[in-house]
Amino acid sequence: MKIRALRVRDVGHFADGAAIEGLSGGLDVLIAPNEAGKSTLLRALEAAFFEKHTATGGRIQAITPQGGGSPLIEADFEADGALWRITKQFGRGRRAVLQPLGGHAGRERRNADADEALANLVGLHDGRPGRLGFLWVGQGQALEPVALDEKRGEAAAFAAVIEREVQTMAGGGLARHVRALIATDLGALKQPTKLMPKKGGPWALAIAHRDEAKAAAVAARTAYAESETRQRDLSQLRTRLTDLSDPEQRALSSAEFAAAQQAVDDAITSTRLFEQARERVERQESVRVQADAALSGFATRLAQVAAFAIELNDAEARHVQATAELATRRAALAKIEAEGTALDGARDDAQSTLQALEAGRARAAARQQLAAVSVAFQSATTLAAAMAERERALIGRDVSEDAIDKLVAAERRAQRARDATAAGVPQVTIAYEAGTEGRFRIGGEPAPAGRQTMPLGMPLGMPPRPLVIAVPGIGTITVAAGVTDQTVKLDADARAAEAELSAGLATLGHTSVVEAQIAFRAARIERAALAEIRAELQGLAPAGIEVLAQSFAELTGRLEG
């Protein structure tokens, strides 16, 4: 097994987290000053591999911060020819997750299943390294001699173990014997059912002596520091007394006091002016926020106006087309009226002839019927052509209302998820003391006062890049956001909604929801006009234009015969 990385949070004094990345798996050396936390990181590594996520014993208490917390430990390691990651959180919200990395076969395990699978991977037995499994040498243990207690028979037991090693290598007798010996030794140190010191035992006494020594050391350091402070204050008071005893010094001190008093008055005045200025700045900030909100609303209304303008242009185009169709219909009507006048003349002639010849009545009636059928047929033909033109105009533009609703819903879900993700980004507000403006720097440039947003542009599902604030001559302040289950879920929701939106737009052949809505409104207007034309055509030819054409042909043939 090879350890590749270690990450901790709420462990020892690493309340804000720490990480060791890029371990080689060979001989890696961890170098840092005393009290930097090297031992804490090693204890955290031990807890991650040797303790179940439900553990609450001394090893967990040793890595829990003094102010309280729930230690979170994550380690990447190679085992069984694959790369794995174990994540354990102890205390409140305790959990364990073992997941495969690198795309190899294997499934994620959680909690008790994760503890058991980890033990199998690294060769643990009852939470301890097995004889042929996981090897662990703690800090400072490599060079310690092995002390065997003769009274308890440890030397004899150790010799017996060596003698039986070859015979029992494949069996469990050695492990059971060693476990019994260990249980006997631990019985004098800890409680039977918990990893806690046994009352009155050597472990409990050692802890008590250690705590007393620590308390005595703290008290001694405190007393020494207080003594040094008193000696320094006494020396300064003696020097000050000598200076104040001199008449010239007293006169000078009086002048300095007056100047100091004036400086205090000036400082009070400056402070009052500063507070007034700060109140004005806060009021201006409130006005700016209101202006930003108004600007956002204006941008939304401007987009709506643009959509209305597009719809108005389409309506004007349809109006021009309708005007042209009206002119065509009026011309057709004038032609029909002219033909009607001609038919009226023919009808008069036919009536004159019929007055002379009774047998010609049927012919005159046929002509009259033909004239009516002719007018109806011509009007129906014009309406049929207009209806065909409307139907061709609907091709590629007819969008259902249900499809539009789905596009709008997907766009809103994606926007809500992105807004929620952006709302979780930390905000940093910079305020300067008088005379220190520009001391903070971001990206090498003086940082302005006011709210600073963390840089974006990161891959989806990952936190924004850290915001680094530098104070020349002092150091840097780094503000970073972490990835939580909630941010990952919001990113997944946004991705799903955006994929649904893209698929819907591609199916409809549009590039945006606004474009699809405009096409839907245009198609609805075309459908209404088409319905009016169909109704008018139904009134002229209830049985269909083909029947009307057949009647026209029959009447024409009858008159020509």
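Remarks
- Less than 5 angstrom separates the built amide H of Leu83 from those of Leu101, all sequence-distant by 5 or more or on a different chain.
- Residues whose amide H lies under 5 Å from that of Lys190, counting only those 5 or more places away or on a different chain, are Lys198; hydrogens are built 1.01 Å from N in the peptide plane.
- Subset of Lys52/Lys214; Lys2/Lys88; Lys2/Lys199; Lys52/Lys198 violating a 28 Å alpha-carbon distance limit: Lys52/Lys214; Lys2/Lys199
- Here the average projected area of the convex hull drawn through the C-alpha atoms of the stretch 1-102 stands at 6.7 nm².
We did not get these values from a lab; they are worked out from the coordinates using the rules stated. No experiment lies behind these values; they were computed from the predicted model shown.
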